[in-house]
1. Look through the range 226-255, keep the residues that are under 15 Å from residue 290 (Cα atoms) and of a type in the set (Phe, Trp, Tyr), and return whichever of them is surrounded by the fewest Cβ atoms within 10 Å (Cβ to Cβ).
2. Output the residues belonging to the range 42-90 that are aliphatic (A, V, I, L, M), in contact (Cβ under 8 Å) with a residue 60 or more places away in the chain and in contact with a Lys or Arg (Cβ under 8 Å, 6 or more places away or on another chain).
3. Quick one: in the range 58-76, which of the residues that are within 16 Å of residue 86 (Cα to Cα) and in a strand (DSSP E or B) is nearest to the chain's Cα centre (by Cα)?
4. Which one is surrounded by the fewest Cβ atoms within 10 Å (Cβ to Cβ) among residues in the range 1-35 that are free of Cβ contacts under 8 Å to residues at least 12 places away in the same chain and not in a strand (DSSP E or B)?
5. Would you tally the residues in the range 13-59 being more than 19 Å from residue 75 (Cα to Cα) and out of contact with any His (no Cβ under 8 Å at 6 or more places or on another chain)?
Amino acid sequence: MTEPLLRVEHLRIEVPTRRGTLVAVDDVSFDIMPGEVLGVVGESGAGKSLTGAAIIGLLEPPLRIAGGQIRFAGRRIDDLPYDEMRRVRGKEIGAIFQDPLTSLNPLYTVGQQLVETIRTHLDLGAGAARERAVALLGEVGIAGAEQRINAASLVARFPNVVVVRTFSKAYGLAGLRIGYGIGSPELTRALWTKQLPFGMASTALLAVAASYAAETQLLKRVRLITAERRYLQKQLRAMGVRSTDAHANFVYLPSRDRPWSDVLAGSGLQVRHYSDGGARITVGSRASSLAVLSVVDKALG
């Protein structure tokens, strides 16, 4: 018989107060099997969030687990030391919070927090963890993380500069591009008054609407690019070239002794180079993949 993935047995959560001990959650038990979804319904203050926080070890003192057990994948986790639970939380079990803004500490950059999390769960050095963080930001639609940082600093130093970029990860697997601009409030307000009534913003929206209307073609394009990306990654790794996992329309090649900008110069491929020597190659047809592999093979030879 299949064992539960998560088992909560007679969970009791208490909080001491000046008037005595308050029982916030009393004798809660349930199992969740692999692949099962469990909905917990209750009025505000019933203890739903506290139960979830207890499971992932995020109860804030003076709240405490006063009784019961929590087992994940056959292992008891409610009594793990802090450092050990920290390695489990976020890799094997986690939570999606109602307010995403509370997931990040405003005193640290997003990059610092991503790198810290990656290094907690993976045996990576600082440089490799940073490469992975940049790739992850690209996968969720925050493309060009390094360039965005540079763009913000440019605007701060030169108030008459407008930095215009495109991002594509939301639609990138279908080859669509949506753009944005960064500039000082004073400058962008002035430019907005000069905008043509049929400006690029409207054109971009129409393009997106048209793509969704052709849903069959959109999904076909996604499948083709996904298959081609997997092929390219597999072939590069067979050649001994480590490429960071990505789920978008590109393959990211981390920095190496000889910068990729030198290796891929004049190749005619769609490549974005990074200041640390890494490169992002846009996935396209099989012909473009073979061209990438040919250039890399010659460089390695």
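1. My answer is 231.
2. Start the filter on the range 42-90 by keeping residues that are aliphatic (A, V, I, L, M), which leaves 46, 50, 53-56, 58-59, 63, 65-66, 70, 73, 77, 80, 85, 88.
Checking which are in contact (Cβ under 8 Å) with a residue 60 or more places away in the chain leaves us with 70, 73.
The answer is 70, and nothing else.
3. Here is the first cut: in the range 58-76, the ones within 16 Å of residue 86 (Cα to Cα) are 58-60, 70-72, 75-76.
Now narrow it down to the ones that are in a strand (DSSP E or B): 70-72, 75-76.
On the way: 70: 28, 71: 28, 72: 24, 75: 28, 76: 29 Å.
Ranking the qualifying residues of the range 58-76, first place goes to 72.
4. 1
5. So the first thing to find is which residues in the range 13-59 are more than 19 Å from residue 75 (Cα to Cα), and the list is 13-27, 37-50, 59.
Retained after the next criterion (residues that are out of contact with any His (no Cβ under 8 Å at 6 or more places or on another chain)): 13-26, 37-50, 59.
The qualifying residues number 29.
Per-residue answers, yes or no, for (1) in contact with a strand residue (DSSP E or B) (Cβ under 6 Å, 6 or more places away or on another chain); (2) closer than 30 Å to residue 15 by Cβ; (3) at pLDDT 75 or above; (4) not assigned by TED's automatic domain parsing to the domain that holds residue 254:
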site: 67; (1), (2), (3), (4): yes, yes, yes, yes
site: 113; (1), (2), (3), (4): no, yes, yes, yes
site: 118; (1), (2), (3), (4): no, no, yes, yes
site: 125; (1), (2), (3), (4): no, no, yes, yes
site: 134; (1), (2), (3), (4): no, no, yes, yes
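The values are calculated or read from the model by the stated rules, or taken from the named source; none is laboratory data. What you see is a predicted model; the values in this text were computed from it and never measured. Cβ atoms come from the backbone with ideal geometry, glycine included; neighbour counts cover every protein chain shown.
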